[in-house]
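Structure, as structure tokens:
The values are calculated or read from the model by the stated rules, or taken from the named source; none is laboratory data. Since the structure is predicted, the reported quantities are computational estimates derived from the model, not experimental observations. Quick reminder, even Gly has a Cβ in these numbers, built from the backbone with ideal geometry, and neighbours come from all protein chains shown.
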Amino acid sequence: MSPLAEGADLLVAEVADELSLELWVPLPKTMEEYRGDFGSEETLAQFEYFCDKATKVFDLAHDIPPAPEGFEEGNWRSSYPYAAMGTFLSAHCHILLALWDGRESDALGGTAQVVRFHHDDVMEGFTSSTVESQQMMLDDESDLVFHIICSRLSHAERVEGRVEGRVEGRMETDEPEIDWCWYTKDQDHPRSKDLPGQHLLIFKRASEFSKDAQDFAEQIEAAKWPLIENEDDERLPEGVGEIDRIYNMADWLAMYYQKKTLRTLLITHWMAFLMGLMFLLYSDFESLRSFLYAFLVFFGVAAGAQVWAKRNNWQRKYLDYRTLAEGLRVQFYWAVAGVASESKWKFTHDTFLQSQDPEFGWIRNVMRVAGFRCDAVPNRDTKGVEFTIQEWVGSSTGGQLGYYKRKTSEKIKRHELTEKLGRLSLAVNVITVFTFLLVGELLPDLAQSFLYVLMGSTLLLYAVREGYTYAVGTKELIKQFEFMYRIFDNAYQRLNLAKDDVEKQRIILLALGQSALDEHSDWTLMNRERSLDEKEIWLMGS
């Protein structure tokens, strides 16, 4: 991504072109205004050449607000578009490439200020000190800068300046003409030659997602559930197709790995039940060594299934991809409705899961790419709000409102089945105890052993079923779905009351999306702790 400004931007575009990289060109002004900023016909020709080769070209032209206190009006108006461009690129890139001498500067929108914004979300005149205080407390994957350290002076100027003493301390005589490093907010090692481990893991996770999406491309295309049912719907703004495309990948992959995760849990719990049954048969029926061998075989199957699932990261991928899909769902409908963040320079991806595990940074990175076009040019057509209310919020039979109503009912029925099994187990055991009290002495040994096994197996079956419902988080899911149904129902009521005020509807949709994102964050963290290990399988079975 590059605005192709004269100088370093064009130089980097040349290298990108040599490497056959896709080029996106956001412009700080309208094309006509921007052409006037080039100092020669040669550089203007270069600019137009790369615009022709670029995949995407669009402008970020904003209405320039009045100059804040302390800013000269003329300088503010000329610098504001470049400052806005710098903050936008910073908010949407995975790595900020800075060709910079490393000197601090108060030039509005200059490289020094953009680098600072990338690290701290602060740029004078654009952000408040409140943002800075919040940002400093958080680990943030978006602080990664690849710093090419180079002087603005040519080699001849540097040599001449050192000889005549005219460089004013800008470069020391023993400083290399050019160097590079990774530059982050790390307190101990802000500059390093190696990509920091936290960022390496984030890129690794994103690469896994890309590989999975490529490996299953045909299946995704054949079985996807898109957010866009009619691509010709005039209520859809340009750019949301990219969000929908990546959503389809994340949604299908989440369901694929969910099935594998649930299958593993089913195998594990059935094996635990059979382990317990073998132990009961051995201890209460007949002490055959074959029961103990079978016990170990069932344990081996359960442990093997768990090890294989962990090795292939099925549960983590399921949770991560579902979280990404739900984040993209909110991002999609916000983009269609033209919902903007409370802070002009913050977007959906900037705050989603940010206070949680830094590893989730890869999810924000994917969302940065998906929403790039829509964030650049927010949709102001009121038809987008109508589409979002209809398709996202929906009603008791459709949209998310209908979905959570239906899913809540399904989860309650499953939980009731577990409760019924518990009551059945209790009844069987009570009846068995009374049988022993009343006629136990009259029963043959075989019948007594059978009753002991029956008591143990019903209790075991209930315990294993209870363990399974805990592992899949049934109780928590019921609470989550009930909560989500309430917030969507409340939003539905409020949106109806505000049907003549589009801006108020956008505010309601903003609050709804934030609540949904927060709830998905909590769900992900809760379920990450629900996997079984070999020790738990052994205890459950014995």
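Summary table
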{"quantity": "Residue in the range 239-254 that is at pLDDT below 90 and not acidic (Asp, Glu) present", "calculated": "yes"}
{"quantity": "Lone qualifier among LEU461, LEU437, LEU454 - being over 22 Å from THR524 (Cβ atoms), free of Cβ contacts under 8 Å to residues at least 12 places away in the same chain and in a helix (DSSP H, G or I)", "calculated": "LEU437"}
{"quantity": "Count - residues of the range 90-107 that are closer than 15 Å to VAL122 by Cα and part of a loop (DSSP other than H, G, I, E, B)", "calculated": "4"}
{"quantity": "ALA302 being in contact with a His (Cβ under 9 Å, 6 or more places away or on another chain), of a type in the set (A, V, I, L, M, F, W, C), assigned by TED's automatic domain parsing to the domain that holds ALA463 and under 18 Å from THR469 (Cβ atoms)", "calculated": "yes"}
{"quantity": "Residue that is farthest from the chain's Cα centre (by Cα), among those in the range 434-465 that are within 22 Å of PHE273 (Cα to Cα) and aromatic (Phe, Trp, Tyr)", "calculated": "PHE450"}
{"quantity": "Inter-residue pairs, beta-carbon under 7 Å, first closer than 12 Å to ARG322 by Cα and in the range 243-262, second modelled with pLDDT under 95 and outside any helix (DSSP H, G or I), 6+ apart", "calculated": "TYR247/LEU227; ASN248/LYS224; ASN248/PRO226; ASP251/TRP225; TRP252/LYS224"}
{"quantity": "Qualifying residue in the range 329-349 (condition: assigned to a helix (DSSP H, G or I), in the same structural domain as GLY473 (by TED's automatic domain parsing) and at pLDDT below 90)", "calculated": "yes"}
{"quantity": "Selection status of TYR468, closer than 24 Å to GLY276 by Cα, crowded, with 16+ Cβ neighbours inside 10 Å and in contact with a His (Cβ under 6 Å, 6 or more places away or on another chain)", "calculated": "yes"}
{"quantity": "Residue that is farthest from the chain's Cα centre (by Cα) [pool: residues in the range 390-433 that are under 13 Å from MET484 (Cα atoms) and among the β-branched types (Val, Ile, Thr)]", "calculated": "THR408"}
{"quantity": "Hey, GLY473 at positive phi, in the same structural domain as LYS259 (by TED's automatic domain parsing) and not charged (D, E, K, R) or not", "calculated": "yes"}
{"quantity": "Test for ALA463: is it under 24 Å from TYR404 (Cα atoms) and of a type in the set (Gly, Ala, Ser)", "calculated": "no"}
{"quantity": "Residue that is surrounded by the most Cβ atoms within 10 Å (Cβ to Cβ) [pool: residues in the range 1-19 that are in a helix (DSSP H, G or I) and aliphatic (A, V, I, L, M)]", "calculated": "ALA13"}
{"quantity": "Residue satisfying condition, being over 30 Å from GLY125 (Cβ atoms), outside the structural domain of ALA84 (by TED's automatic domain parsing) and not in a helix (DSSP H, G or I), within set GLU22, GLU42", "calculated": "GLU22"}
{"quantity": "Complete set of residues in the range 482-503 that are farther than 23 Å from SER396 by Cβ and in a helix (DSSP H, G or I)", "calculated": "VAL502, GLU503"}
{"quantity": "Every residue from the range 88-102 that is under 18 Å from the mean Cα position of the chain (by Cα) and in contact (Cβ under 8 Å) with a residue 60 or more places away in the chain", "calculated": "ALA91, HIS92, CYS93, HIS94"}
{"quantity": "Test: residue in the range 26-49 that is touching a strand residue (DSSP E or B) at 6+ places or on another chain (Cβ under 8 Å) and touching a residue at least 60 places away in the same chain (Cβ under 8 Å)", "calculated": "yes"}
{"quantity": "Breaking point among (1) modelled with pLDDT of 85 or more; (2) surrounded by 11 or more Cβ atoms within 10 Å (Cβ to Cβ); (3) outside the structural domain of TRP314 (by TED's automatic domain parsing), for MET171", "calculated": "(1)"}
{"quantity": "Members of the range 495-518 found to be surrounded by fewer than 16 Cβ atoms within 10 Å (Cβ to Cβ) and either modelled with pLDDT under 90 or not hydrophobic (A, V, I, L, M, F, W, C) (or both), listed by number", "calculated": "ASN496, LYS499, ASP500, ASP501, GLU503, LYS504, ASP518"}
{"quantity": "Failed criterion for SER287 (all others in (1) surrounded by fewer than 22 Cβ atoms within 10 Å (Cβ to Cβ); (2) in a helix (DSSP H, G or I) hold)", "calculated": "(2)"}
{"quantity": "Scope the range 280-320; condition aromatic (Phe, Trp, Tyr), within 45 Å of the chain's Cα centre (by Cα) and under 30 Å from SER449 (Cβ atoms); matching residues", "calculated": "PHE295, PHE298, PHE299"}
